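A.B. asks: Structure in structure tokens, see below.
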Amino acid sequence: MIPKKTRTLLLQFSIGVISIVIMGLILHFHSNSAQHELENRLFPHVVINGQDVGKMNKTEVFLAFSHLESKIQKSNLYLKYDDALVATFSAASLSTKLNIDDVFDKAYVVGRSTHLPSRYYQTVATTFGFKSFEFPLEISFDKQPVRETLNHLSDLYDKDPIDAKFQFESGKVKMFEEEKNGVRVETALAERQIDSLLKERISNNASQILLVKKTILKPKVTLAQTNTYGIEELIGEGASDYSHSIPQRIHNLLLGTSKFNGVLIPKGATFSFNETVGDISSTTGYQPAYIIMAGKTVLGDGGGICQVSTTLFRAALNSGLPISEYHAHAYRVGYYENDAKPGLDATVFGPTVDFKFINNTPASILIQTIVDKENNKLLFKFYGKKDERKVELTSPLISDISSAPESQYQDDPTLKKGVVKQIDFPAPGTRSRYSYKVTKGNEVMFQKDFNNWYKPWRAVFLVGTGD
């Protein structure tokens, strides 16, 4: 006979089993009934992107988010690099859309899981509303157009850093290159930022701007590390425009310029143009071109060399160097007014008329010359070491303008009768004044006032009288 206590336990166990079976049957029936009732619809208390979409079918869910989809389709993404607009992406160009299909499919599994305990729990939870099942919306887009644009930016702007070069031989710097920073466009970072921005459109539907970042890459070797002359950086430069020059004049100014490229001016030295350029004659390769001599414009070897001295003069001024000898031309010459007011020219005529300046900087000065033949530009760059000096150069004040004298015609038996040849060109008389002051801190290092008088100049024509 089974003891009473054992019979009680067996009874309780049987009741529990029967209850579980009955509950399982009820849940199974309720689950199947709910699935049948909600065919192609979501269970109650399913939430997508904070919005209750319970009992909705897929079409109704799409309609529920149609307003958000419309806003997203109207927004643009603007890419900028160095503050310049480089690309505009519309939502359509990136095939941007909400992933409603995917989210609906995930939400549809609620109450329909193949794992029975999960299915029963979800069915009861959604039916009686003691738990909601939430799903976030996401934005999908085509990344290829973005990658192509970023790769194009990289192709355009990525640069490796360049190490400085400096080689001194036979009294001149034969090899020179200033160090240059490199650039790397941060394309990977930009792609991640774009991904984040586009995903934010669910909560922020406005158009967005992204500034693509760059990293500056430093060279391993700087100019200061390449030499023992103290040369570290660009300290000043001067430029001039030699447009409208005849071929012989261009030949001469290019030849003269070559004499200065690579020249080192020691600290404390006085630099002489004439000493550096050397002999100017046909024997040293110069060709006849117009020069001013004995009060006339005549053909002479080296015409155009004053384009070089003028450019050097402007470089010395812009570098804040003391000018120890300077002469303006006798009359205004158009070449030097292509890019400047009258007064910023410097004439030379060896051996008596020279242009000189003093290197009073903390280091030697290296002259580098650049000729832009396409644009008729001449550029002199001075490299050395800066010392915080400040240059104040006023704009030339033009006054006392007088008309050019009447043209002069001279008989020339070497020319055939009827031939007229112009050998001098008119220029108005002019006064040009400007001030040049160099300071360091509160101290005036030196000051010079330029007061150039240009004579009025007549045009001269030769008239042929020969047979």
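The values are calculated or read from the model by the stated rules, or taken from the named source; none is laboratory data. All values reported here derive from a predicted model rather than from experimental measurement. Positions of Cβ are generated from backbone atoms using ideal geometry, with glycine treated the same way; all protein chains shown enter the neighbour counts. In case anyone asks, the SASA skips ligands and DNA or RNA and just uses the protein heavy atoms, side chains included. Shrake-Rupley method; radii C 1.70, N 1.55, O 1.52, S 1.80 Å.
A.B. asks: Tally time: how many residues in region 205-231 are open to solvent by 70 Å² or more (accessible area, probe 1.4 Å) and either assigned to a loop (DSSP other than H, G, I, E, B) or more than 30 Å from A363 (Cβ to Cβ) (or both)? It would help to see each step written out before you state the result.
C.D. replies: Applying the first criterion (open to solvent by 70 Å² or more (accessible area, probe 1.4 Å)) to region 205-231 yields 209, 211, 213-214, 216, 218, 220, 225, 228-229.
Checking which are either assigned to a loop (DSSP other than H, G, I, E, B) or more than 30 Å from A363 (Cβ to Cβ) (or both) leaves us with 209, 211, 213-214, 218, 220, 228-229.
Qualifying residue count, region 205-231: 8.
A.B. asks: Identify, please: which residue in region 128-151 is in a loop (DSSP other than H, G, I, E, B) and aromatic (F, W, Y) and is, among those, nearest to A91 (Cα to Cα)?
C.D. replies: Looking only at region 128-151, we keep the residues that are in a loop (DSSP other than H, G, I, E, B), and these are 129-132, 136-138, 141-143.
From what is left, the residues that are aromatic (F, W, Y) are 130, 141.
Values: F130: 39, F141: 8 Å.
Going through the qualifying residues, I end up with F141.
A.B. asks: Take the conditions more than 26 Å from E200 (Cα to Cα), touching a helix residue (DSSP H, G or I) at 6+ places or on another chain (Cβ under 9 Å) and of a type in the set (G, A, S) and apply them to G111. Does it pass?
C.D. replies: Working: more than 26 Å from E200 (Cα to Cα): yes; touching a helix residue (DSSP H, G or I) at 6+ places or on another chain (Cβ under 9 Å): yes; of a type in the set (G, A, S): yes.
Yes.
A.B. asks: Can you tell me which residues in region 364-386 are open to solvent by 50 Å² or more (accessible area, probe 1.4 Å) and either assigned to a strand (DSSP E or B) or of a type in the set (D, E) (or both)? Can you show your working first?
C.D. replies: Narrowing region 364-386 to residues open to solvent by 50 Å² or more (accessible area, probe 1.4 Å): 370-375, 377, 385-386.
The answer is I370, V371, D372, E374, K377.
A.B. asks: If you don't mind, there's one more thing I want to ask. Condition test on F168, is it closer than 30 Å to G54 by Cβ, of a type in the set (F, W, Y) and out of contact with any Gly (no Cβ under 8 Å at 6 or more places or on another chain)? Full working, then the answer.
C.D. replies: Numbers: closer than 30 Å to G54 by Cβ: no; of a type in the set (F, W, Y): yes; out of contact with any Gly (no Cβ under 8 Å at 6 or more places or on another chain): yes.
So F168 fails the test.
A.B. asks: Which helices (runs of 4 or more DSSP H) sit wholly inside region 1-88 and have at least 2 residues that are open to solvent by 90 Å² or more (accessible area, probe 1.4 Å) and either touching a Cys at 6+ places or on another chain (Cβ under 7 Å) or at pLDDT below 85 (or both)?
C.D. replies: It comes to 4-37.
A.B. asks: Just wondering, is there one or more residues in region 103-126 that are touching a strand residue (DSSP E or B) at 6+ places or on another chain (Cβ under 9 Å), in a strand (DSSP E or B) and surrounded by 12 or more Cβ atoms within 10 Å (Cβ to Cβ)?
C.D. replies: no
Here's the yes/no breakdown for (1) open to solvent by 10 Å² or more (accessible area, probe 1.4 Å); (2) more than 25 Å from L366 (Cβ to Cβ); (3) touching a residue at least 40 places away in the same chain (Cβ under 8 Å):
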residue	(1), (2), (3)
P247	yes, yes, no
T270	yes, no, yes
A328	yes, yes, yes
A340	yes, no, yes
G343	no, yes, yes
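A.B. asks: Looking at T361, T284, T347, can you tell me which residue is surrounded by fewer than 20 Cβ atoms within 10 Å (Cβ to Cβ), at negative phi and β-branched (V, I, T)?
C.D. replies: Working: T361 fails: surrounded by fewer than 20 Cβ atoms within 10 Å (Cβ to Cβ); T347 fails: surrounded by fewer than 20 Cβ atoms within 10 Å (Cβ to Cβ).
On inspection, the qualifying residue turns out to be T284.
A.B. asks: Considering only residues that are of a type in the set (G, A, S) and outside any loop (DSSP other than H, G, I, E, B), look in region 152-183 and name the one that is most open to solvent (accessible area, probe 1.4 Å).
C.D. replies: Our first condition is that a residue be of a type in the set (G, A, S); within region 152-183, this holds for 154, 164, 170-171, 182.
With the extra rule that they be outside any loop (DSSP other than H, G, I, E, B), the set shrinks to 154, 182.
Details: S154: 26, G182: 0 Å².
So, considering only residues that are of a type in the set (G, A, S) and outside any loop (DSSP other than H, G, I, E, B), the one most open to solvent (accessible area, probe 1.4 Å) is S154.
A.B. asks: Also, I was wondering about something else. Being without any contact (Cβ under 8 Å) to a residue 60 or more places away in the chain and polar (S, T, N, Q) is the filter; apply it to region 187-208 and report the residue that is farthest from N99 (Cα to Cα).
C.D. replies: That would be T187.
A.B. asks: Among (1) crowded, with 22+ Cβ neighbours inside 10 Å; (2) in contact (Cβ under 8 Å) with a residue 60 or more places away in the chain, where does S309 come up short?
C.D. replies: Every listed condition holds for S309 apart from (2).
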